[in-house]
Structure formats: C-alpha cells, structure tokens
Amino acid sequence: MSAFRIGVDAGGTKVAYGLFDEENNLVGRRQHATPVEADGAQFSDLVVENCTELLEEHHLKNEDLSGIGVCMPSFILFDEGYICMTSAMENIRDFAMRDYLKERLQVPIVLDNDSNCAALAEYRFGAGRGSRHMIYMAASTGVGSGLILNGEVFRGSYGWAGESGHMLITPEEGILCGCRNRGCFMSWAAGRYIPERVRRKAEAFETGMDLSSGPDGVALLQACREGDPLALAELDEMAFYLGVCVFNIYQMLNVNLLVFGGGLTHFGPLLFDRVRAVFDRYNHISLPVFFKSAELKQDFGIIGAAELIR
Ligand SMILES: [Zn+2]
C-alpha cells in the first residue's frame, strides 16, 4: 500500500511543503514565497511543480502517495474542494482547485481551511491530545478558530464553521475588514489591523511609538513591555475582544479546552492573562475551562494538511 503523504500549507508569506513517510516522519520539505497575485490555476501549477520535484528528490512517484492535503487561508466548499474566497491571495476565488490538482497529479487531494488544519494537528499531536472536544483559536494576522467536536473537525454545511473572527460584535463600527463588514472580531483583535487601530487611538494616549510606519505586532509588544500608554490601551482592547470572542464560543459550544496558536501568542501572559481575565469576568459558572498554548511549532500547517489524508 502506498502510504507517503504530502502536506501543503499556503500561508500569507510562504507556501510550505512536507513529505511524510509511512510512519508519519517528516522526511522532506521545501518552501517558496506566497505568490500573492496568482490566480487559482497559476497557484495550482506551482503546487503541482513543487510536489513533483519533492517526490523526485526522494526517488518517489505519484503512485507512492496516498494523497496530498492542502491547507489554504480560504473559504472552501469542503466536499467539492472548491475555493470560494482566499484572504492572502485574493485572485484565488471561485476555483475548483481539487479537481484541477487531481487531474494533473492523479492522486487523492483534500483541501481545507487553515484553522481546521491547525486544529487537526493540535488535536492529534499537540495540546488537544486525549480530549473529546477542542477549540483551536488562531490569534495572528487574522483571528479564526477550528472546531473539534467528538474527535472530528466540525466544518458545518459548507466548510467554514469556526470562522469566529468574522462574527459581528459591533456592526457598522470599527475598521472595515476583508470580510467586507465593520465590527467583526477581526476589526478589533487581528494583528493585521494593529497599525490602523493604534493610529485611531493616538490622540487620546501618550506614546513613544513610531506611528508613521506602523507599529506592527513586534513594535507593539516592545512598547507594551516598556509601559507605553498607547500600546497598553491597544493591548487591553485586543484582549477584551479576544476574551469576548472566546467567551461567546464557549457559550455556544460549551467546549472547555481552548488552544491558542498564531503570531500573537508571542505576547504570552501580557496578552493572554488579560484575555483570561475578560473571560472570567463574564463566566459565572465555576467549572474548569482550560486555556492552553499550541504545542506544535512552525510545522503545524503541513502536519495538519497531511492529516487530511487519513
Ligand atoms: Zn471580518
């Protein structure tokens, strides 16, 4: 039986490929910069080329693969492998990517959303091991979640259950998000809108931060550590909306294990103690609710993508 698998993780800055053997060891990898302007066919051609070269490097043929899993920052019709919309690569939309790849590579292909892949990886190999239900919360350039219910990814009717970042909390108010609405949780907590949110608060707080070119998350973290009033106001606001978001998810699903991953986890207790405090302020039933950090390092995307093939 052919049992090698490839996991492809298409992120905002890079596309990573991992080749896994029969025992699930990561035996080969490659990556390239994200082709932000590519359309569905151009992007898929790159995937075909890179998967083919990865196999050749390891003296393998397509027949040696049990499949390729592809993790995309997209709204995907899961059953059809059809991409409706992609956040980092806007020209990849309304595209039957699974069929396109399958025709060229002649192996089973499964496409899924990045938060679902991260959730799957953490559930099987990371902080969610042994639990029945788990929510993966991505706190990064974007905010999103992946839902593991009864040991399986819950995708909903079409495929994007768990897109909690676009749940509306202050409709019409706040920054206009890529989802075309104002006032979703991303408007208030996503890393990509830090510069704009900080600039909006600049008149009300003192600051030593350079507002002409940012600040990005790294500069914000540094300023928070230095006790900068504007930076701390931004941190408090992000924590507030992340805490409310998590609280709402908990109320909706009553899942008591929340695993946080993504770039904002670099803020550590500075951010997450605040998130926890917000959650606890509104939670009036004293049963245990666990907040954990994701355990898998940078490879969670390719691991989760490869896990789609099982
Ligand atoms: Zn949104």
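The values are calculated or read from the model by the stated rules, or taken from the named source; none is laboratory data. Since the structure is predicted, the reported quantities are computational estimates derived from the model, not experimental observations. Counting neighbours? That spans all protein chains shown, and the Cβs are built from the backbone with ideal geometry, glycine included. Accessible surface is based on the protein model in full, side chains and every heavy atom, while ligands, DNA and RNA are left aside. Shrake-Rupley method; radii C 1.70, N 1.55, O 1.52, S 1.80 Å.
Within the bounds of segment 89-107, is there any residue that is open to solvent by 10 Å² or more (accessible area, probe 1.4 Å), under 17 Å from the mean Cα position of the chain (by Cα) and not charged (D, E, K, R)?
For segment 89-107, residues open to solvent by 10 Å² or more (accessible area, probe 1.4 Å), under 17 Å from the mean Cα position of the chain (by Cα) and not charged (D, E, K, R): absent.
For the subset of segment 149-158 comprising residues that are open to solvent by less than 80 Å² (accessible area, probe 1.4 Å) and part of a strand (DSSP E or B), which member is farthest from residue 196 (Cα to Cα)?
Looking at residues that are open to solvent by less than 80 Å² (accessible area, probe 1.4 Å) and part of a strand (DSSP E or B), I get 149.
Looking at segment 170-194 only, could you name the residues that are more than 8 Å from the ligand (Cβ to nearest atom), in a helix (DSSP H, G or I) and open to solvent by less than 30 Å² (accessible area, probe 1.4 Å)?
Scanning segment 170-194 gives 189, 191, 193, 194.
Name the residues in segment 195-204 that are open to solvent by less than 10 Å² (accessible area, probe 1.4 Å) and either within 16 Å of the ligand (Cβ to nearest atom) or of a type in the set (D, E, K, R) (or both), would you? Outline the logic, then answer.
Quick first cut of segment 195-204, residues open to solvent by less than 10 Å² (accessible area, probe 1.4 Å) only: 197-198.
Result: 197, single match.
Against the definition (of a type in the set (Ser, Thr, Tyr) and either assigned to a loop (DSSP other than H, G, I, E, B) or within 16 Å of the ligand (Cβ to nearest atom) (or both)), how does residue 207 come out, yes or no?
It is true that residue 207 is of a type in the set (Ser, Thr, Tyr) and either assigned to a loop (DSSP other than H, G, I, E, B) or within 16 Å of the ligand (Cβ to nearest atom) (or both).
From the list 118, 161, exactly one residue is outside any loop (DSSP other than H, G, I, E, B) and within 14 Å of the chain's Cα centre (by Cα). Which is it?
Of the residues listed, the single one that is outside any loop (DSSP other than H, G, I, E, B) and within 14 Å of the chain's Cα centre (by Cα) is 118.
Among the listed residues 262, 214, which satisfies the condition of being open to solvent by less than 40 Å² (accessible area, probe 1.4 Å) and in contact with a strand residue (DSSP E or B) (Cβ under 8 Å, 6 or more places away or on another chain)?
Step by step, each of 262, 214 is checked, and only 262 is open to solvent by less than 40 Å² (accessible area, probe 1.4 Å) and in contact with a strand residue (DSSP E or B) (Cβ under 8 Å, 6 or more places away or on another chain).
Restricting attention to segment 256-310, report how many residues are in contact with a Gly (Cβ under 9 Å, 6 or more places away or on another chain) and either assigned to a helix (DSSP H, G or I) or among the β-branched types (Val, Ile, Thr) (or both).
Final tally of qualifying residues: 23.
I'd like to check something: does segment 100-108 contain any residue that is touching a Cys at 6+ places or on another chain (Cβ under 7 Å) and within 13 Å of the ligand (Cβ to nearest atom)?
Taking segment 100-108 as the starting set, the residues that turn out to be touching a Cys at 6+ places or on another chain (Cβ under 7 Å) are 105.
So of that shortlist, the ones also within 13 Å of the ligand (Cβ to nearest atom) come out as none.
No, segment 100-108 contains no residue that is touching a Cys at 6+ places or on another chain (Cβ under 7 Å) and within 13 Å of the ligand (Cβ to nearest atom).
Within 16 Å of the ligand (Cβ to nearest atom), in a helix (DSSP H, G or I) and β-branched (Val, Ile, Thr) - does that describe any residue in segment 210-228?
no
Only one of (1) open to solvent by less than 10 Å² (accessible area, probe 1.4 Å); (2) farther than 23 Å from residue 37 by Cα; (3) within 16 Å of the ligand (Cβ to nearest atom) fails for residue 167. Which number is that?
Unmet for residue 167, out of (1) open to solvent by less than 10 Å² (accessible area, probe 1.4 Å); (2) farther than 23 Å from residue 37 by Cα; (3) within 16 Å of the ligand (Cβ to nearest atom): (1).
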